[in-house]
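The values are calculated or read from the model by the stated rules, or taken from the named source; none is laboratory data. Being a predicted model, the structure only gives us computed values, none of them experimental. Note: ideal-geometry Cβ built from the backbone for every residue, glycine included; neighbour counts use all protein chains shown.
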Amino acid sequence: MLQVARLARTLLADATPKVVAFLEGQLAEDGGACDRSGKSDLYYTAFALDCLIALEQELPVQRVRPYLEQFGGGLDLDLVHKACLVRCWKALGVGWPNAEFQGAMIEDLENHRCTDGGYSMMTKQPQGTLYHAFLALGIYQDFGVEIPNKAALLASFSALRSADGGYGNSAAMNMGTTPSTAAAAALMMQLQAPVDSKVGEWMLAMQHPQGGFRASPQTPLPDLLSTGTALHALASMGLDIGERREITLDFMDSLWSGDAFYAFWEDEDLDVEYVYYALLALGHLSLGPA
């Protein structure tokens, strides 16, 4: 995803310095990136660092490093923030915080392995979710280690397939969502498993007439998270949006604030997470028709 996000500069062009300034302005005094309330958070810090990498900026290593060091080995964090801590250290490129970090994190991660072979936020759960499987694979990839028992992980996804052809984040969901379906497709591709062509058809059907992608069949308006993840998954599957590219570019333009990107049309706040999804979407759109 980060590799594609690097291509966004082609379409950002002269707006690139404004986006960089926004990202740099989101760093709090303690070195972490701010959430929407203005408080530093590992989740947003991971997105900020990846955005700066995508835009080929020098990272503020000396400013961010003390912020990361306060979390130690990260074992007291929830799984989302564990994944973000690993991602932040990987992004800084200065090595792990201590010699035990990788081994302890992997051991802890496998405590989140579920009976069905997936991963969950909580330990000792019967069924995993797509989101936590995505986080788990990301941790292993950042460590440069193969994820164990791929077959069981892949098998766990079958229970998450919805009757409408998409995927829900958990088995309790009765319809697919675009981010979850995109995550399922991306995970299967990365694990070298075939993806049902109907999954791509489902995602294409989520595109709004005005260009962006909706989060679900019942969601009336498109958003940037759904758009970025859908474009990435479709491209991974070798599917092209073709003539819809121009209206998707128009949708992206409609979210531009002059400094960054809003998450959806009625959004009134900006954050680094949605800058990342904008860069991902623009990276794919910069490639043009296949």
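Tabulated data
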item	result
Checklist (1) touching a residue at least 40 places away in the same chain (Cβ under 8 Å); (2) part of a loop (DSSP other than H, G, I, E, B) applied to T219, failing item	(1)
Residues of region 87-118 classified as in a helix (DSSP H, G or I), without any contact (Cβ under 8 Å) to a residue 12 or more places away in the chain and over 11 Å from L75 (Cβ atoms), total	1
Residue in region 180-195 that is in contact (Cβ under 8 Å) with a residue 12 or more places away in the chain, surrounded by fewer than 16 Cβ atoms within 10 Å (Cβ to Cβ) and either part of a loop (DSSP other than H, G, I, E, B) or assigned by TED's automatic domain parsing to the domain that holds M1 (or both) present	yes
Number of the exception - A13 against (1) surrounded by fewer than 18 Cβ atoms within 10 Å (Cβ to Cβ); (2) modelled with pLDDT of 95 or more; (3) more than 18 Å from I139 (Cα to Cα)	(2)
Filter result (part of a loop (DSSP other than H, G, I, E, B) and among the acidic types (D, E)) within region 222-250	D240
A215 touching a Lys or Arg at 6+ places or on another chain (Cβ under 9 Å) and either not assigned by TED's automatic domain parsing to the domain that holds A281 or not charged (D, E, K, R) (or both)	no
Among the candidates D50, D108, D78, residue that is among the acidic types (D, E), under 20 Å from the mean Cα position of the chain (by Cα), closer than 19 Å to L137 by Cα and crowded, with 16+ Cβ neighbours inside 10 Å	D50
Matching option when the condition is surrounded by fewer than 17 Cβ atoms within 10 Å (Cβ to Cβ), on the phi < 0 side of the Ramachandran plot and in contact with a helix residue (DSSP H, G or I) (Cβ under 6 Å, 6 or more places away or on another chain), among L85, L2, L7	L2
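Rundown of residues vs (1) touching a Gly at 6+ places or on another chain (Cβ under 7 Å); (2) surrounded by fewer than 23 Cβ atoms within 10 Å (Cβ to Cβ), yes/no style:
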| site | (1), (2) |
| --- | --- |
| Q207 | no, no |
| P217 | no, yes |
| T248 | yes, no |
| L279 | no, no |
